[in-house]
Amino acid sequence: MLGRSAWGLFWMFRSLERAENTARLLDAGFRMALTRGLSAASEEWRSVLITLGLDSDFAAKGGEYTGKVVTNFVLRSPDNANSVIWMIENARTNARMVRTAITREVWEATNESWMVLKDLLARPVGEGNLGEVLDTIRRHTTLVRGAMEGTMLRNDIFNFARMGTHIERADNTARILDVKYHVLLPSLAWVGSRLDNAQWEMVLRSVAGERAFRWMNAGVLEPKGIAEFLILDGRFPRSLAFCYNKLVSNMAGLARAYGETTPAHDLLLQAQSRLNQTDIGQIFDFGLHEFITAFINSNRQIAEAIAADYRFIE
Amino acid sequence: MTLGKAGLLLQLCLTGGHADAAEALFGVLMNTTTLSCYDEMIDGQGQVRPAYAGYREWFDAQDPRWMARQGKEAESFFRRTGITFNVYGEDAGQERLIPFDMIPRIITADEWKKLSKGIDQRVRAINAFLHDLYHKREIVKAGKLPERVLAKNDAFLPQMVGFTPPGGVYTHIVGVDLVRTGPDEFMVLEDNARTPSGVSYMLENRETMMAMFPELFTKVQVQPVSDYPRALARSLAACAPPAANGNRPVVAVLTPGIYNSAYFEHAFLADQMGAELVEGSDLRVVDGRVCMRTTRGWQAIDVLYRRVDDNFLDPLTFNPTSMLGVAGIMDVYRAGGITIANAPGTGIADDKAIYSFMPEIVEFYTGEKPILKNVPTWRCAEADSLAYVLDHLPELVVKEVHGSGGYGMLIGPTSSRAEIAAFERKLRANPDNYIAQPTLSLSTVPIFTKAGLAPRHVDLRPFVLMSPGEINITPGGLTRVALKKGSLVVNSSQGGGTKDSWVLAE
């Protein structure tokens, strides 16, 4: 397959994944705002922006940290070069570029996502329809993944697409965790407070992990346990360990098909063994923020190595 | 809706006004106006013609409201599928649908047999003509084509002189634009020997019709078109260059990219053929072959179905600023390293100056009388013709030989006396630069409107594939229809739509 097609698929699925995770994060912020009252929630909305890496862009526009302003900025503002609608459009542009590599069903699901969301996000989103909008984003990105799962040949094309999904998802989960722990925690005295618990719940919600975690831990929200769940629990589909196990399997598929491994494989295996050979105690001893920063950096290096090894661009 | 009502609409058409001049300038059917017209569905007595008998029986039994809903559904289907074209200029970046009309255009098996014979003959002649032009120029020596129409002609590529493309095929894909003026009167309006487009609409229109009205196709037997992509792949593979060494050729489609107006078609054809869809940035000449950058390194391409113009093909040979082509591809081509479809330089065969010589060209190379007529054309370079044209300006369409886009053109019937007089001066000053054609009365086929069936002007572009020793013509083609009443403009950017084109089974 063309290097440019691999590049297009990789970024098509990164964009879709990021759009979906952004919707989840907004949903979590929205629920917190509902429970805490709109005025008290400005700190949570700011944390949403920090997680998305949009805080300085937002601050430059001088907007208020309220639900309406922040959600519209994140979802649809032309001032935001990484808005959700832009990501969906980017996914669709890439899908158009790799049209010959994907099935008609995957293309139509992607094109329809774009048509529906473009229409839905053409007007400002209010509290009345935010839930519906976020739900639509999640539903449509899920449809694309489902069409992939059900119709695509399991070859290099499929692997490049899934690699995009897993690289992006690992990055997003790591950022969500980091922001809560590093930015939102002003002092240790806060630990265990009602505010603290609410924030942890927001973290779990934004990775769709609240139900699974509650089920496993009988409702006890405890930072270390949550961090362990999000980083090391290979059963949870948005954990770093899960993403990396999948990534290893996608790249092993490529190595089998192509008859060779590349430097990206070595980088990935090193990163995976760092995850597998550590426990949550060691991570906290090392420093959670430091651990996550190192992970995000190495995740980016792996993505760059994949792009170089498989000739995404010349 | 009753037959009588259709007849009435036809009456309106008979007295319908002329095409708006400004609009007609860019239209494909521009040299014609509505004087009286032949309707392909209904005859002069208001009776349904035999070709449409089966269809009308079915149509009259349908609920018009249900039909209208189906039409809406077809549109949303096209949007979802992404069968759109990009618009340049004002609405840049917008994607538009080409309106689809659900009333099919129907041709009988006998009509088609005759048409396809004529098309076959014409395409063979075009290919032989190209070979001759770039080699011995027998036709010029024989005095059938004056040297002057070749001199100073941009479509003629000196780089092709003395070179024979693999398999001797110049025009792998040809679209022949036909118009109809009567029961047995088809004329060639234009030959498209460069990179004719529209075949994806031919295929998708049929898919859509079959999805919307499956039972209709059990009632009326229609010759299938769905084999086109496979035939195209076979035909291209049969023209592999010497460098392919008899291995299964690697075929790729070269597109200018996703912002090109015909991108959908490029992707569609590549997908249907199982070929790679490449852009200039994917390609490079490596070890004497044109290669594409794959995830595993550079891979040689044997046959390149290019959808970029000659001028952009090779920055080393043609337009040096082109980003759409491959530097050095012409050298590889001439050394037998790749097949380019269509061959560079085929544009000379569909040039307006050449068009008027097509009857002579067909006869010269096939030794047969042309089966398909040209629209009669007066070459003002010839004294007798010029005299006739000057005497009949108010009823003729006069065009510049090398002009494009309708500049420097006179549509006699819609022009004022002053305009005609002004044009006459230009014509007298430089007669070599002009040709003239009569105004034609084009056939109509009904479209579906809220008020029922209404006749509109149509043309037809059949698609022809050529490989060594074989010419394959898909039964039917693309019917373009001017959706505005009385209009002759079938261009998709100006209110033109498309129809499914049926050739009935024998």
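Each reported figure results from applying straightforward, stated rules to the coordinates on display, with no laboratory input. Everything numeric here is computed off the predicted structure, so don't read it as measured data. Cβ sites come from the backbone with ideal geometry, for glycine too, and all protein chains shown count toward neighbours.
With all distinct Cα pairs included, what does the Kirkwood hydrodynamic radius of chain B come out to in Å, to one decimal, could you say?
24.0
If you find the alpha carbon centre of region B:417-484 and of region B:299-360, how far apart are they in angstrom?
Region B:417-484 and region B:299-360 have Cα centres spaced 26 Å from each other.
What is the set of long-range amide H partners of B:Val290 at a cut-off below 5 Å, with H atoms built 1.01 Å from backbone N?
Under 5 Å from the amide H of B:Val290 lie the amide H atoms of B:Ile301, each far enough along the sequence or on another chain.
Would you calculate a helix-derived [θ] at 222 nm for chain B, using -39,500 (n - 2.57) for each DSSP H run of n ≥ 4 and dividing by the full residue count, to the nearest 500?
-9000 deg cm²/dmol
Over chain B, calculate the relative contact order: mean separation of alpha carbon pairs under 8 Å at least 6 apart, over the residue count, as a percent.
Relative contact order for chain B comes out at 26 percent.
Out of residues 5 or more away from B:Leu324 or on other chains, whose amide H comes under 5 Å of its own, with H placed 1.01 Å from N in the peptide plane?
Residues meeting the criterion, in which the H sits 1.01 Å from N, do not exist here.
Where the centroid of each part is defined by its Cα atoms, how far is region A:279-314 from region B:375-395 in Å?
77
Would any residue of region B:296-323 have its amide N under 11 Å from a label point 7 Å out along Cα→Cβ of B:Asn247? List them or say none.
Only B:299-302 pass the distance filter.
Near the amide H of B:Ile42, under 5 Å away, which other amide H atoms are found, from residues 5 or more places off or on another chain, if H is placed in the peptide plane?
The answer is B:Arg49.
Using a simple spin-label model with points 7 Å from Cα along the Cα→Cβ vector, what separation in nm is obtained for B:Met67 and A:Thr293?
Label at B:Met67, label at A:Thr293, 7.2 nm between them.
Measuring from label point to label point, each 7 Å out along Cα→Cβ, what is the B:Arg230 to B:Thr164 span in nm?
If labels sit at B:Arg230 and B:Thr164, their model points lie 3.2 nm apart.
What's the exposure ranking of B:Tyr305, A:Tyr181, going from fewest to most Cβ atoms within 10 Å?
Result, fewest neighbours first: A:Tyr181, B:Tyr305.
Give the aspartates and glutamates whose C-alpha is closer than 17 Å to that of B:Lys450, dropping any in the same chain fewer than 8 places away, or say none.
B:Asp60, B:Asp63, B:Glu73, B:Glu75, B:Asp101
In a shell of Cβ-Cβ distance under 12 Å around A:Met97, excluding A:Met97 itself, what net charge do Lys and Arg (+1) and Asp and Glu (-1) give?
Neighbour charge sum, excluding A:Met97 itself: +2.
How high is the FRET efficiency from A:Glu105 to B:Ala53, r the C-beta distance, R0 41 Å, rounded to 0.05?
So the FRET efficiency works out to roughly 0.60.
Return the lysines within reach of A:Lys224: Cα separation strictly under 18 angstrom, same-chain partners fewer than 8 residues apart disregarded; answer none if there are no such residues.
A:Lys180
Looking at chain A, what % of the alpha carbon pairs are farther apart than 26 Å?
47
Report the Rg/Rh value for region A:1-152, based on alpha-carbon coordinates and the Kirkwood definition of Rh.
Looking at region A:1-152, the ratio lands at 1.01.
Please report Rg (one decimal) and Dmax (integer) in Å for the Cα set of region A:155-314.
For region A:155-314, the Cα-based Rg and Dmax read 16.9, 55 Å.
When the Kirkwood radius is taken over all Cα pairs of region A:104-181, what Stokes-Einstein diffusion coefficient follows at 37 °C and 0.692 mPa s, in µm²/s?
In µm²/s, the coefficient rounds to 227.
Tell me, what is the FRET efficiency for A:Ala218 and A:Glu127 to the nearest 0.05, using R0 = 51 angstrom and their Cβ-Cβ distance as r?
0.95
Compute the distance from the alpha-carbon center of region A:66-96 to that of region B:109-163, in whole Å.
Each part's Cα centre sits 54 Å from the other's.
Counting helices only, and only those DSSP H runs with n ≥ 4, report the 222 nm mean residue ellipticity of chain A as the sum of -39,500 (n - 2.57) divided by its residues, in deg cm²/dmol to the nearest 500.
-24500 deg cm²/dmol
Starting at the first residue of region B:321-328, write each ³J(HN,Hα) from the Karplus equation 6.51 cos²θ - 1.76 cosθ + 1.60 with θ = phi - 60°, in whole Hz, x for Gly and Pro.
Using θ = phi - 60°, the values come out as 8, 5, 9, 8, x, 10, 5, x Hz.
Peptide B:267-276: average number of partner chain Cβ atoms within 10 Å per residue?
Mean number of neighbouring Cβ atoms from other chains: 3.
What does the charge count around B:Met409 come to, taking other residues whose C-beta lies under 9 Å from its C-beta (Lys +1, Arg +1, Asp -1, Glu -1)?
Its environment carries a net charge of 0.
Along the Cα→Cβ direction, 7 angstrom out, place labels at B:Ser76 and A:Val69. What is the inter-label distance in nm?
Calculated label separation equals 3.9 nm.
Could you list B:Lys485, B:Lys144 so that the one with the fewest beta carbons within 10 Å of its beta carbon is first and the one with the most is last?
B:Lys144, B:Lys485
Report the net charge of residues surrounding B:Ala155, where surrounding means a beta-carbon distance below 9 angstrom and charges are Lys +1, Arg +1, Asp -1, Glu -1.
Once all neighbours under 9 Å are counted, the net charge is -3.
Can you give the alpha-carbon Rg of the protein assembly as shown over 2.2 N^0.38 Å, where N counts its residues?
That ratio works out to 1.13.
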